[in-house]
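Take a look at the structure set out below.
The values are calculated or read from the model by the stated rules, or taken from the named source; none is laboratory data. These numbers were taken from a predicted model, which means no experiment stands behind them. Positions of Cβ are backbone-derived with ideal geometry, glycine not excepted, and every protein chain shown enters the neighbour counts.
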Amino acid sequence: MRRVVITGMGTVNPLGQSVSEFWDNIKANKNGMSYIDQFDTSDFPVKVVGAVKNFDSSKYIDKKETRRMDRFTQFALCSAKQALEMAGSDFSDIDPFRAGVIIGVGIGGLNLTEHEVTKFNEKPDKISVFFVPMMISNMAAGMVSMKTGFKGDNFCTTTACSSGTHAIGEAFRKIKDGYLDVCLCGGAEACISRFALGGFNNMKALSKAETVETASTPFDLDRQGFVLGEGSGILCLEELEHAKARGADIIAEIAGYGATDDAYHITSPSPTGEAAAYAMRHAYEEAGLKADEVDYINAHGTSTELNDKYETAAIKLALGEEAAKKTVINSTKSMIGHLLGAAGGVEAIVTALSVRDGLVHRTLGYKTPDPECDLDYCVDGNRELDIRGALSNSLGFGGHNATICLKKYDD
């Protein structure tokens, strides 16, 4: 059986523009969210976002090319190049059709669309000739392929907030089943704008907290909604023997993947948690683990009323009450907000580093227990933990559920 390992990672997100910076800030329990400065919020109910500040793409992208890429594509390309640097190879010495790119994007160039619609309303012929190729969601994967020369499987998963995890899971499948030897995968998103915030706010999904510290509080009784974030997380997955043959440093192993749909509601997860539980169970069973060997779950944990209690129910159903009570759970969204299509990629990076280093980060903002969220959410501080198996969950509008299972690499 072909095994799949992580040999490189890259990220741009509210807590760092490299994996090392991000992980240091995660371990220090820093809050990466900030007050909106993209537009005047005096008449706007939402005050806090998870924005990438002072983003500098110049190390990886030519200035002229930058002007022809939407922000989400810039994030993805910078993260992909970081991942290759960490992997220690550009893989130019292998058959390019054995290397692929799968990047999830939930929304794509919404900011650009807002900008171009304004121009269109003034004068139709003012629309940029680059508008369409810049804003379409698949361009992150397409551009990474152009810059790496990878000619194998290349596509964009667009499953709302599950997009990044689905991309990683599908890359895992392509390598495990023998279609690829290497794949860059993960997620990217950049849609912080008045337009996007207005839409999410009107459906009562966003936190209206006045302070950064109280904006994202997953699993807390007084949680108010999610904080809109942006960024990217890209992993370099590689077939184990291929990685070993070139002497690669292995971060962790991806050993299982589950994907289901609730078939229930356009935005709410299913109250039963049945489909999400199936995805989790499939992931850890494919990894050869039993329920009581899942030591850690990086939860979707959005800080919305319905997600947190229904995800809790799903975890109990997937592992059983006894094992669920012993599993350490956290939410990275308590530190960076919800990165939508990029969330799964960034959270997979956190999960991989947690497995490698034996450390689970604290869930920030938690103060008041919720009787319907009664598991161990790692709220008192970072936890040292020998992790046999870890799950990373993503749940998306439309009922999409995706879970990957990571294990410490053991030859």
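List of remarks:
- Residue count for region 15-34, restricted to those that are hydroxyl-bearing (Ser, Thr, Tyr) and either in a helix (DSSP H, G or I) or at pLDDT below 95 (or both): 1
- Restricting attention to region 228-247, the residues being part of a loop (DSSP other than H, G, I, E, B) and touching a Lys or Arg at 6+ places or on another chain (Cβ under 9 Å) number 1.
- Subset of region 154-180 [out of contact with any Ser or Thr (no Cβ under 9 Å at 6 or more places or on another chain) and either of a type in the set (Lys, Arg) or not in a helix (DSSP H, G or I) (or both)]: PHE155, ARG173, LYS174, LYS176, ASP177, GLY178, TYR179, LEU180
- THR363 vs. criteria touching a strand residue (DSSP E or B) at 6+ places or on another chain (Cβ under 7 Å) and surrounded by 22 or more Cβ atoms within 10 Å (Cβ to Cβ): yes
Yes/no matrix, rows are residues, columns are (1) crowded, with 24+ Cβ neighbours inside 10 Å; (2) within 19 Å of SER303 (Cα to Cα); (3) among the aliphatic types (A, V, I, L, M):
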{"site": "ILE336", "(1), (2), (3)": "yes, yes, yes"}
{"site": "ILE349", "(1), (2), (3)": "yes, no, yes"}
{"site": "LEU353", "(1), (2), (3)": "no, no, yes"}
{"site": "THR368", "(1), (2), (3)": "no, yes, no"}
{"site": "GLU372", "(1), (2), (3)": "no, yes, no"}
{"site": "TYR377", "(1), (2), (3)": "yes, yes, no"}
{"site": "GLY381", "(1), (2), (3)": "no, yes, no"}
{"site": "ASP386", "(1), (2), (3)": "no, no, no"}
{"site": "GLY389", "(1), (2), (3)": "yes, no, no"}
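- A single entry from SER57, SER137 fulfils the requirement of being assigned by TED's automatic domain parsing to the domain that holds GLU189, surrounded by 21 or more Cβ atoms within 10 Å (Cβ to Cβ), at negative phi and in a loop (DSSP other than H, G, I, E, B): SER137.
- Residue within region 49-63 that is basic (Lys, Arg) and in contact (Cβ under 8 Å) with a residue 40 or more places away in the chain present: no
- The criterion of being within 16 Å of the chain's Cα centre (by Cα) and within 30 Å of ALA83 (Cα to Cα) does not hold for ASN382.
- Put simply, of LYS151, LYS204, LYS119, LYS208 the only residue that is assigned to a helix (DSSP H, G or I), over 19 Å from the mean Cα position of the chain (by Cα) and not polar (S, T, N, Q) is LYS119.
- Considering residues of region 1-14 that are in a strand (DSSP E or B) and of a type in the set (A, V, I, L, M, F, W, C) only, the residue farthest from SER232 (Cα to Cα): VAL4
- Contacts under 6 angstrom Cβ, first residue in region 309-337 being more than 22 Å from LEU364 (Cα to Cα) and touching a residue at least 12 places away in the same chain (Cβ under 8 Å), partner in a helix (DSSP H, G or I) and charged (D, E, K, R), 6 or more apart: ALA318/ARG281; ALA323/ASP292
- Residue match in region 240-259 (condition: touching a Phe, Trp or Tyr at 6+ places or on another chain (Cβ under 6 Å) and either among the acidic types (Asp, Glu) or surrounded by fewer than 23 Cβ atoms within 10 Å (Cβ to Cβ) (or both)): yes
- Test result for LYS64, of a type in the set (Lys, Arg), farther than 18 Å from ILE168 by Cβ and not in a loop (DSSP other than H, G, I, E, B): yes
- From PHE130, PHE195, PHE155, PHE172, residue being surrounded by fewer than 20 Cβ atoms within 10 Å (Cβ to Cβ), touching a Leu at 6+ places or on another chain (Cβ under 7 Å) and aromatic (Phe, Trp, Tyr): PHE195
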